Amino acid sequence: MNYFIKGLLLLTILSTYSYASCNKGATIFSCTTKKGKQIEVCDNKTTIEYSFGKLNSKPELLINVPRKNVTTTQWAGMGSYVSYSVDIPNNNTVYNIFWGMDRMNENHPIEAGVNVFINKNLAVTVYCSDKIENNIEGVDLAPSNE
């Protein structure tokens, strides 16, 4: 087999397992965790896609939820702590993607990541460490009831 065909075959295999990076829609949120995993939320117009997993690998978790079932909480403009979140339900689990900062305290780091609630109980929080892309502010989703 010549090198061109081998290279093309390798590229095809790698592209199958490469991370989506919101190929089908707009990025609502994306970040990298301390353990080198990526949290990503994409708006695909009719669905919201949530994925979690190692960079450049097939996601460990990939769900698509109808937009009408996904909600957001937006900062009300009061207080020094600015926060935004998106709640993505999946059966008895809710993935609460969040971003927040204290605008009065420059030494307080930005907090971002995902809270995973199972049966309305917090099961785990995974924090972002870097490469945060936050477009939650003003996202066109239904407001959260909580």
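Search segment 128-146 for residues being closer than 14 Å to S85 by Cβ and surrounded by fewer than 14 Cβ atoms within 10 Å (Cβ to Cβ), and hand back the single one that is modelled with the lowest pLDDT.
Per the criteria, the residue is E146.
For segment 128-145, what are the residues that are touching a residue at least 24 places away in the same chain (Cβ under 8 Å) and either part of a loop (DSSP other than H, G, I, E, B) or of a type in the set (V, I, T) (or both)?
Scanning segment 128-145 gives I132, N135, I136, E137, G138, V139, L141, S144, N145.
Check segment 47-61 and report whether any residue there is surrounded by fewer than 19 Cβ atoms within 10 Å (Cβ to Cβ), basic (K, R), within 16 Å of the chain's Cα centre (by Cα) and not in a loop (DSSP other than H, G, I, E, B).
Scanning segment 47-61, I find at least one residue that is surrounded by fewer than 19 Cβ atoms within 10 Å (Cβ to Cβ), basic (K, R), within 16 Å of the chain's Cα centre (by Cα) and not in a loop (DSSP other than H, G, I, E, B), so the answer is yes.
Name the one entry in K68, K131 that is basic (K, R), over 17 Å from the mean Cα position of the chain (by Cα) and within 18 Å of I28 (Cα to Cα).
Details: K131 fails: over 17 Å from the mean Cα position of the chain (by Cα).
Just one listed residue meets the conditions, K68.
Quick grid of which residues meet (1) exposed (fewer than 14 other Cβ atoms within 10 Å of the Cβ); (2) polar (S, T, N, Q); (3) in a strand (DSSP E or B); (4) under 13 Å from the mean Cα position of the chain (by Cα):
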site: I39; (1), (2), (3), (4): no, no, yes, yes
site: A76; (1), (2), (3), (4): yes, no, no, no
site: G79; (1), (2), (3), (4): yes, no, no, no
site: S83; (1), (2), (3), (4): no, yes, yes, no
site: V86; (1), (2), (3), (4): no, no, yes, yes
site: N96; (1), (2), (3), (4): no, yes, yes, yes
site: N105; (1), (2), (3), (4): yes, yes, no, no
site: N115; (1), (2), (3), (4): no, yes, yes, yes
site: V126; (1), (2), (3), (4): no, no, yes, yes
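The values are calculated or read from the model by the stated rules, or taken from the named source; none is laboratory data. Model, not experiment: these values are computed from the prediction. All Cβ positions, glycine included, derive from the backbone under ideal geometry; neighbour counts span all protein chains shown.
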